[in-house]
Structure formats: C-alpha cells, structure tokens
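Structure record follows, encoded as structure tokens.
The values are calculated or read from the model by the stated rules, or taken from the named source; none is laboratory data. This one's a predicted model, so the numbers in the text were calculated from it and none came from an experiment. Here the Cβ is made from the backbone with ideal geometry for all residues, glycine too, and neighbour counts use every protein chain on show. Surface accessibility is based on the protein's heavy atoms, side chains included, excluding ligands, DNA and RNA. Shrake-Rupley method; radii C 1.70, N 1.55, O 1.52, S 1.80 Å.
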Amino acid sequence: MKIIDEDLITTDPIAFLSNEDVEVSVLRLDKIHPVVSGNKWFKLRYYIQEALEQQKRTIVTYGGAYSNHIVATAAACRIHGLKSKGIIRGEAPKQYGHTLQEAASYGMEFCFLPRSDFKMKKLPENFITAEDYLINEGGYGDKGAAGAGSIAYDKDKFDIVCCAAGTGTMMAGLINSKRTHTKILGFSVLKNNFSIENEIRSLLLNPLEDINIYHDFHFGGYAKRSPELIDFMNMFYSVTRIPTDFVYTGKLFFGLYQLLKSRQFKAGSRILVIHSGGLQGNLSLPKGTLIY
Ligand SMILES: *Cc1c(COP(=O)(O)O)cnc(C)c1O
C-alpha cells in the first residue's frame with residue numbers, strides 16, 4: 001500500500017550542524033506534504049491496512065484540538081475511502097482552529113469530550129459503534145511502531161539517529177528497526193514525562209534495548225514555547241532553510257544543537273536527524289512569529 005511518495009524524502013548533510021568531527025544529516029519527512037507530513041504517515045500505515053483488511057468503513061481516534069495525528073488520520077482515511085471520527089480533548093471551541101478545520105475538510109466528524117472524560121477514555125455513547133476501527137491517541141501501539149520502523153534511511157552510514165518523542169511510538173519503531181551499532185536518541189517534548197521509557201519498552205521487540213531520552217528540551221511542556229525557542233527556529237531557518245515546528249522538531253533541533261555545542265558526540269560520529277514534519281502546527285502561532 002502506497003500512502004506517500006517516498007521519492008520526495010531527502011537526506012542531506014547540514015553544514016551548519018556539522019564540523020570536522022561530526023556530520024549531521026537531516027531526513028526530510030516534512031517534505032511529503034505541507035500539512036499531512038512526517039512520521040504520521042508511517043505510524044498510520046499498518047492501522048489503515050488492517051482496517052481495510054477487516055473491511056471497516058470508519059476509523060475513530062483521539063487527540064487534542066491541535067493534534068497532527070488527528071489531521072493525518074483524517075487525510076489518510078479520505079485517501080483510502082474510509083470515514084473518520086475524531087474524539088477531541090476539551091469543550092468544542094467557538095471557532096475551529098486550523099487543525100480541526102483541515103481535518104473537517106477531509107470529512108472527519110468530531111466529538112468533543114471534557115478533559116476528565118477524555119482522560120478516563122469515557123467513550124461517548126452512539127458516537128462509536130462496534131463496526132468502527134479504533135486507533136489510540138497519537139497512534140501509540142505496536143502497529144504504529146511497526147509503521148515507524150519502515151522509515152527508511154541508510155543504515156550502514158549512520159551511528160546515531162535523533163528524533164522527537166511524544167508518545168514514543170516513532171522512537172520504539174526506530175529502535176526495533178535499527179542495526180546493532182546504531183544508537184537512537186529521543187528528545188521528549190513533554191515535561192517530566194518519565195513514564196515514556198516504559199511505554200516505549202512495551203513496544204520493543206527486544207525489551208532489553210537501551211532507551212536514551214533527553215528530558216531537558218521541552219520548553220515548559222507539550223506545545224509550550226519561549227522566545228528562545230522561536231529565535232532558535234528562525235535562526236535555524238535563516239541559516240539552513242529548514243523550517244521546523246514549535247511542538248516537536250524545533251525542540252529536537254534546539255536540543256541537538258546544545259549537545260553539539262557541548263561536544264557530546266564522539267569524533268567521527270555520523271548523525272541522522274529525523275525531521276518528522278508537523279509544520280501545520282505553526283499555523284496556530286500569531287502571524288509574524290516565524291519568518292517562514
Ligand atoms: C506526532 C509527532 C511526533 C511524535 O511521535 P511519537 O510517535 O508520538 O513519539 C514527532 N514529531 C512530529 C512532527 C509529530 O507530529
């Protein structure tokens with residue numbers, strides 16, 4: 001099943017992040033599509049495949065009102081002729097933001113759940129039927145990890161692969177599909193989300209693998225930001241022409257930049273950074289915040 005055109009994905013060394021000791025390259029999953037980009041395509045592919053095999057007509061999933069997973073699910077369903085329903089955390093907004101507008105344009109129906117009910121996974125009656133195919137919030141699960149494991153890169157070349165971590169599903173998939181010599185480094189975008197290690201471990205094919213996560217680059221928590229982060233993203237864009245998003249990849253590149261500045265990597269390291277997309281999230285920022 002071909003969801004995306006993998007030919008659009010590039011991997012180029014980035015002079016700005018490289019020096020005589022280390023070479024840093026970026027896997028541009030953000031190029032797949034301006035809105036529905038990045039790791040979400042990969043994480044969804046085997047869920048969609050299973051839903052189609054089970055002849056389901058509708059996919060239901062969960063997320064926040066700015067969730068990349070929600071919009072990607074809506075788009076993937078539209079492409080495959082499936083209906084989609086989104087259970088959205090929080091009260092219905094007076095006006096939909098970009099994410100919900102975009103998801104609605106792909107035909108997604110919404111059900112808004114107060115935060116406490118959402119947390120308890122209290123499913124709204126009548127909104128879901130036994131016929132629907134359910135995907136966890138954020139695509140967390142074995143199939144999501146397997147899909148992320150199909151993210152292709154030159155496994156002979158890179159010793160270190162860096163990625164942003166939300167639920168950790170992508171990171172689990174990268175660990176499951178890596179070569180023995182490769183180290184996967186995750187940059188958590190949530191504050192003090194130390195349970196992520198266990199959540200990742202339960203998706204691993206080999207539960208004894210090391211899990212290396214940085215918890216210092218969340219900028220206050222999920223979707224939180226500071227002028228320092230925004231300044232970095234603008235500087236990074238003006239030097240590299242690579243746009244990043246403020247929820248995931250901006251924090252990832254910021255964190256990596258700090259590690260590079262303090263020379264945390266062995267000489268000769270070849271590092272790959274997964275640009276996991278998410279640029280649609282920037283549409284929720286006030287105009288003029290970013291220079292791109
Ligand atoms: C969802 C998302 C992630 C996090 O993926 P997880 O598998 O939940 O860790 C990272 N980057 C972007 C751009 C995303 O949209």
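At a glance:
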{"item": "Any pair with Cβ under 7 angstrom, 6 or more apart, that starts in region 8-27 at a residue that is more than 11 Å from residue 271 (Cα to Cα) and ends at one that is crowded, with 19+ Cβ neighbours inside 10 Å and at pLDDT below 90", "result": "8/32; 9/32"}
{"item": "Scan of region 167-183 for residues that are farther than 13 Å from residue 211 by Cα and either in the same structural domain as residue 62 (by TED's automatic domain parsing) or surrounded by fewer than 19 Cβ atoms within 10 Å (Cβ to Cβ) (or both), ordered by number", "result": "179, 180, 181"}
{"item": "Any hit, region 98-106, residues being within 15 Å of residue 39 (Cα to Cα), in contact (Cβ under 8 Å) with a residue 40 or more places away in the chain and either within 11 Å of the ligand (Cβ to nearest atom) or open to solvent by less than 70 Å² (accessible area, probe 1.4 Å) (or both)", "result": "no"}
{"item": "Residues satisfying the stated conditions in region 226-239, i.e. within 21 Å of residue 25 (Cα to Cα) and either out of contact with any helix residue (DSSP H, G or I) (no Cβ under 7 Å at 6 or more places or on another chain) or open to solvent by 30 Å² or more (accessible area, probe 1.4 Å) (or both)", "result": "234, 235, 237, 238, 239"}
{"item": "Residues located in region 65-95, provided they are open to solvent by 10 Å² or more (accessible area, probe 1.4 Å) and either within 11 Å of the ligand (Cβ to nearest atom) or closer than 27 Å to residue 275 by Cβ (or both)", "result": "65, 66, 67, 68, 78, 79, 80, 89"}
{"item": "Residue list for region 144-192, restricted to those being more than 16 Å from the chain's Cα centre (by Cα) and of a type outside the set (Lys, Arg)", "result": "153, 154, 156, 158, 159, 160, 176, 177, 180, 181, 182, 192"}
{"item": "Single residue of 147, 138 found to be more than 24 Å from residue 11 (Cα to Cα) and either in a strand (DSSP E or B) or within 15 Å of the ligand (Cβ to nearest atom) (or both)", "result": "138"}
